[in-house]
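Just below is one structure, and these are the notes that go with it.
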Amino acid sequence: MAQETQNHTLSVSGWAAYDSSGEIKPYTFKRRENGVNDVTIKVLYCGICHTDLHYAKNDWGITMYPVVPGHEITGVVIKVGCNAGKFKIGDRVGVGCLAASCLKCEFCADSQENYCDQMQFTYNGIFWDGSITYGGYSNVIVADYRYVVRIPENLPMDSVAPLLCAGITVFSPLKDNGMLGSPGKKMGVVGLGGLGHVAVKFGKAFGHHVTVLSTSPSKETEAKGRLGADDFIVSTNSQQMQAGKRSLDFILDTVSAQHSLGPILELLKVDGTLVMVGAPDQPLELPSFPLIFGKRSVKGSMTGGMRDTQEMMDLCGKHNITCDVEVIAPDTINEAMDRLAKNDVRYRFVIDIAGRISNI
């Protein structure tokens, strides 16, 4: 394993965490030169995901310092390898969570690269050449073209950036569970944060009746008035939960805090499905009776493959779906991280990497 290898001669300016304090500081490093399968991208914007905070602070004990976070990256192509002819200089593109996979297994063959057991992430991963991957908190990134998607011309590059993580994370289970192309279902979204607000937008765009579940009564106006949700249930209100029993076909749980699934499962119809995309750090309560007596299923889902990511992006262009973001300058990343830790953002921070408000 090496931070850099011999062909890493492209000098790049970025921002990194150097230790478990999590403080982000300027960092100059070298990326690989553009290879035959690569595109070099001038980074315009990069979203801040909660995962970035975990890696910066080494919450999971796997961080390789210095770590350059960022896997919600939008920018323009400035160099194209000879095998990457699907892209050209000037193309608007995005890079999400994936940097590499084996390209040979059954999952890669089915464009489910996110489930390849040799999959490597955009940062804090090990690339094919043995180097550590560095993410989008930098002015340039070099990416294998097979892990790059096109950004529709009508979508702004700042508010589209979080779709490359938050967006695909909620889109993929919707597609996998028959929620595309079959409007009229009743869908629940647990949690109204970075993932949840995009899930509501997708649900409405795909023609479903959307109910938001939240512990915060104050979010009802936001959910229904601005995001277009049809119903709102305060999950700590037993009367509201009782009234909602057996009313939903599908539930997407986006909450990363510890919570019991039992009461939520009771909201599903017989044969309904709940999919977990939030990742609590403690085991969840999963009582058996709501499963057994309702023939209900609980599943998990992680990001999505490249084919689904491009499909999601194209549908976002068609339906004009973007994320609600707060754009920040690179020198305020640490303040944004502190606010993110307190859930003080609506709904995603995006770093203006290029240092200007882009019209692209």
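Computed quantities for the displayed model
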{"quantity": "Difference of contour (0.36 nm per residue) and Cα-Cα distance, A109 to L286", "calculated": "60.3 nm"}
{"quantity": "Residues D117 and S238, FRET efficiency given R0 of 45 Å [Cβ-Cβ distance, rounded to 0.05]", "calculated": "0.55"}
{"quantity": "Kirkwood Rh in Å, taken over all unlike Cα pairs in the chain", "calculated": "20.9 Å"}
{"quantity": "Cα-based convex hull, segment 166-300, per residue volume (Å³, whole number)", "calculated": "96 Å³"}
{"quantity": "Point-charge dipole on Cβ atoms (K/R +1, D/E -1) for the chain, about Cα centre, debye to 20", "calculated": "760 debye"}
{"quantity": "Dipole in debye (nearest 20) - segment 9-167, about Cα centre, beta carbon charges: Lys, Arg +1; Asp, Glu -1", "calculated": "520 debye"}
{"quantity": "10 Å Cβ shell holding at most 13 others, DSSP loop, chymotrypsin sites (Phe, Trp or Tyr not before Pro): longest site-free stretch of the chain", "calculated": "61-292"}
{"quantity": "Above-threshold pairs, the threshold being 18 Å between Cα atoms, out of K175/K201; K185/K245; K42/K79; K42/K88; K30/K79; K186/K219", "calculated": "K186/K219"}
{"quantity": "Shape call, segment 5-138: gyration tensor on alpha carbons, a/c limit 1.5", "calculated": "oblate"}
{"quantity": "Euclidean distance of C-alpha centroids, segment 149-201 and segment 227-260, integer Å", "calculated": "18 Å"}
{"quantity": "Residue among C82, L268, M64 farthest towards the positive dipole end of the chain, charges placed on Cβ", "calculated": "L268"}
{"quantity": "Where the Cα pairs of segment 72-120 fall when distances are cut into 5 Å bins, in %", "calculated": "5, 20, 18, 19, 22, 14, 3"}
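Taken together, the values in this text are just the output of simple stated rules run on the coordinates, not laboratory data. Keep in mind the model is a prediction, meaning the values are calculated, not measured. Neighbour counts are summed over all protein chains in view; Cβ atoms, including those assigned to glycine, are modelled from backbone coordinates with ideal geometry.
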